[in-house]
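The values are calculated or read from the model by the stated rules, or taken from the named source; none is laboratory data. No experiment lies behind these values; they were computed from the predicted model shown. Cβ placement follows ideal geometry from the backbone for every residue including glycine, while neighbour counts extend to all protein chains displayed. Each accessible area value is taken on the protein alone, full model and side chains, heavy atoms only, with ligands, DNA and RNA left out. Shrake-Rupley method; radii C 1.70, N 1.55, O 1.52, S 1.80 Å.
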Amino acid sequence: MLKSISVIGLGKLGSPLAAAFAARGFRVVGVDTDKAKVEAIQEGLPPVKEPGLAELIGECEGRLTATTDSDAAVRGSEATFVVVSTPSEPGGGFSLRYVLPTMEAIGKTLRTKSGFHLVVLTSTVMPGSTGGEAREALERASGKTCGQHFGLCYSPEFIALGSVIRDFYFPDFLLIGESDTQAGYVLAEIYRRTCKNTPFVARMNFINAEITKLAVNTYITTKISYANMIARLCEKLPEADANVVTNALGLDTRIGPRYLRGTVSYGGPCFPRDNRALAALAARAGAPSGLAEATDAFNRAQIKLLAEKVKAQVGGDGVIGILGITYKPDTDVVEEAFGLLLAQELAQEGLQVSVFDPAADMRAALDGYSSVRCAGSARECIADSDVIVLATPWQEFREIAAADWVSGGKTRTLVDCWGVLNHLEEVTGLRYVRLGFGGDSARAAEVTSGVR
């Protein structure tokens, strides 16, 4: 029975992954070139921000350690998970500039290591990469044959920052691209001992797994964009309510309710780039990619569309407040986040903007935008502003008292992008605007939380 795992890359996915394995009984050593991350693990502290990570590390009971020495880590383990960055390239694909040196380092260790060793690539790569350059780097450096002397799997995680631990322990399904039956079996057993549910395991060859990873996220982005299209339509029609429409759509089992809510553009480190990567792959292969391209174009257009909607609510020299610039709650990641892109768009048009986010490095994210002020709190952002946009539905924003939204006796407009502040609709001095809603009388006739 496999007992020891090494995890190379202790970033926002690698650190929770290492801790999750260790908390479930494996002996785990994490590897990173960043000494601060290594020292944090050694001291029993979380090296990255992720809800529940500190508590999870506390459950490891000495089974989790870290080092900068990848050779020792690989040599002392039976399976190695590679969780390094694969930056997007200008053409939409993913760079292997961190993956290949990592594979070469692992291969050098395998050259003199006895016994079967499993290498698992979890980083998202372009189809053809795992069985191509990654496998070749391992074989060249080790002098051994993949599928005979060592195993190789491609197994990306379908997780979201802010809920990494829960998503890893309770996956919908597990995706395994395998070099051979033994490699796939060993990885499936690791997951079986780690997951707290019993997900279906989809085992296949490398290229099918690589395509599946991109296809899953591209399908989700298409569904999100479809719901946003319905929302933008409903906003133009009196008595129309996108929530009522999408709730009804979700009752059809062929469609389902998940990700079917008209709000704002999708963002983050996975959805946008996976969508573009699938389009890039199709272009390289000479296959049509119109749907993926249209989804990406529609998503990008949402920023300008919603900026115009916000501008229509503010007077000539009014201030627009934006609550939330991370791409979702419970993370500090701002990559392609709606709130951040909206602030940048409005600032470029010369409007005064005030922002607040409880986790993001606001000044770094908005460096160079002189007309954007970083508020010290949500209440300060509200007090600064004439129009407030709830861009990220952090829980602390939902808990702001009604009186704080109308502080100073100023009449304000609240643009609720997520429909989570509808308890403020009747507050005197506050004009409540919900995305996807085309008129007041619709709410009197139907409920948005379901279908009568």
Spin-label proximity, Phe158 to the stretch 109-129 - amide N less than 19 Å from point 7 Å beyond Cα toward beta carbon: 121-127
- prompt: Dipole of the chain, Cα-centred, from +1 at each Lys and Arg C-beta and -1 at each Asp and Glu C-beta, to the nearest 20 debye?
  reply: 980 debye
message: What distance in nm separates the two pseudo spin-label positions at Leu305 and Arg75, each 7 Å out from Cα along the beta-carbon direction?
response: 5.8 nm
query: When the chain is fully extended, how far beyond the present Cα-Cα distance does Ala202 get from Ser95, taking 0.36 nm per residue of separation?
result: 36.0 nm
- prompt: Using only the Cα atoms of the stretch 71-155, what do you get for the radius of gyration and for Dmax, in Å?
  reply: 12.4, 41
query: How many nm is it between the label spots at Leu251 and Arg431, if each spot is 7 Å from the Cα in line with the beta carbon?
result: 3.5 nm
Accessible area of the stretch 213-283 divided out per residue, in Å², using a probe of 1.4 angstrom: 43 Å²
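If you keep only loop residues by DSSP, which trypsin sites (Lys or Arg not before Pro) in the stretch 174-264 have at most 14 other Cβ atoms within 10 Å of their Cβ?
Values: sites: Arg192, Arg193, Lys196, Arg203, Lys213, Lys223, Arg232, Lys236, Arg254, Arg258, Arg261; in loops: Lys196, Lys236, Arg254, Arg258, Arg261.
Sites meeting the loop and neighbour criteria: Lys196, Lys236, Arg254, Arg258.
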- line: Taking a crude spin-label model, label points 7 Å out from Cα along the C-beta direction, the Thr68 to Tyr219 distance in nm is 4.4 nm
task: Among the aspartates and glutamates, select those whose C-alpha is under 14 Å from the C-alpha of Lys144, and discard any that sit fewer than 8 residues away in the same chain.
output: Glu104, Glu136
message: Roughly how far apart, in whole Å, are the Cα centres of the stretch 161-190 and the stretch 404-434?
response: 44 Å
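Within the stretch 45-145, list the GluC sites (Glu not before Pro) lying in a DSSP loop whose Cβ has at most 10 other Cβ atoms in a 10 Å radius. Could the numbers behind the result be given before it?
Numbers: sites: Glu55, Glu59, Glu61, Glu78, Glu104, Glu133, Glu136, Glu139; in loops: Glu59, Glu61, Glu78.
Counting only loop positions with at most 10 other Cβ atoms within 10 Å, the GluC sites (Glu not before Pro) in the stretch 45-145 are Glu61.
How high is the FRET efficiency from Arg258 to Ala36, r the C-beta distance, R0 51 Å, rounded to 0.05?
Values: r = 37 Å, r/R0 = 0.73.
Once the sixth-power term is evaluated, E becomes 0.85.
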- line: Here P(r) for the stretch 156-224, Cα-Cα distances in 10 Å bins, as whole percents, is 19, 48, 29, 3
query: So, counting K/R as plus one and D/E as minus one, what does the shell of residues with Cβ under 13 Å around Phe356 add up to?
result: -3
- prompt: Out of Leu187, Leu10, Leu100, whose Cα points farthest toward the positive end of the dipole of the chain (charges: +1 Lys, Arg; -1 Asp, Glu; placed on Cβ)?
  reply: Leu187
task: Per residue of the stretch 342-359, in order, report the coupling 6.51 cos²θ - 1.76 cosθ + 1.60 (Karplus, θ = phi - 60°) as ³J(HN,Hα) in whole Hz, putting x for Gly and Pro.
output: 5, 4, 5, 4, 5, 5, 5, 8, x, 8, 7, 10, 10, 10, 8, 9, x, 10
Amide N proximity, the stretch 392-431 versus Glu349 label position 7 Å along Cα-to-Cβ, cut-off under 20 Å: 392, 412-418, 431
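R0 = 30 Å: FRET efficiency of Tyr191 with Leu233, Cβ-based, nearest 0.05?
Working: r = 42 Å, r/R0 = 1.40.
Given R0 = 30 Å and the Cβ-Cβ separation, E is 0.10.
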statement: Note, the stretch 38-44: 3J(HN,Hα) by Karplus (6.51, -1.76, 1.60, θ = phi - 60°), whole Hz, Gly/Pro = x, goes 4, 5, 4, 4, 4, 8, x
message: If I fit a long axis through the Cα atoms of helix 271-285 and take the longest principal axis of the Cα atoms of the chain, what angle between them do I get, 0 to 90°, rounded to 10?
response: 60 degrees
field: Theoretical ellipticity at 222 nm over the chain - DSSP helices of four or more residues, -39500 (n - 2.57) apiece, nearest 500
entry: -12000 deg cm²/dmol
field: Cα-based helix-to-principal-axis angle, 290-311 vs the chain, degrees rounded to 10
entry: 40 degrees
message: Quick query: amide H of Leu152 versus all other amide H atoms, modeled in the peptide plane; which residues come in under 5 Å with a sequence gap of 5 or more or a different chain?
response: Val119, Gly147, Ser179, Asp180
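With charges set only on the Cβ (+1 for Lys and Arg, -1 for Asp and Glu), what does the dipole of the stretch 224-319 come to about its Cα centre, in debye to the nearest 20?
Details: 12 positive and 9 negative charges, 57 e Å.
Dipole size: approximately 280 debye.
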- request: Step through the table entries Lys223/Lys304; Lys213/Lys328; Lys12/Lys108; Lys37/Lys309; Lys223/Lys309; Lys35/Lys328, compare each Cα-Cα distance with 31 Å, and write down the pairs that go over it.
  value: Lys37/Lys309
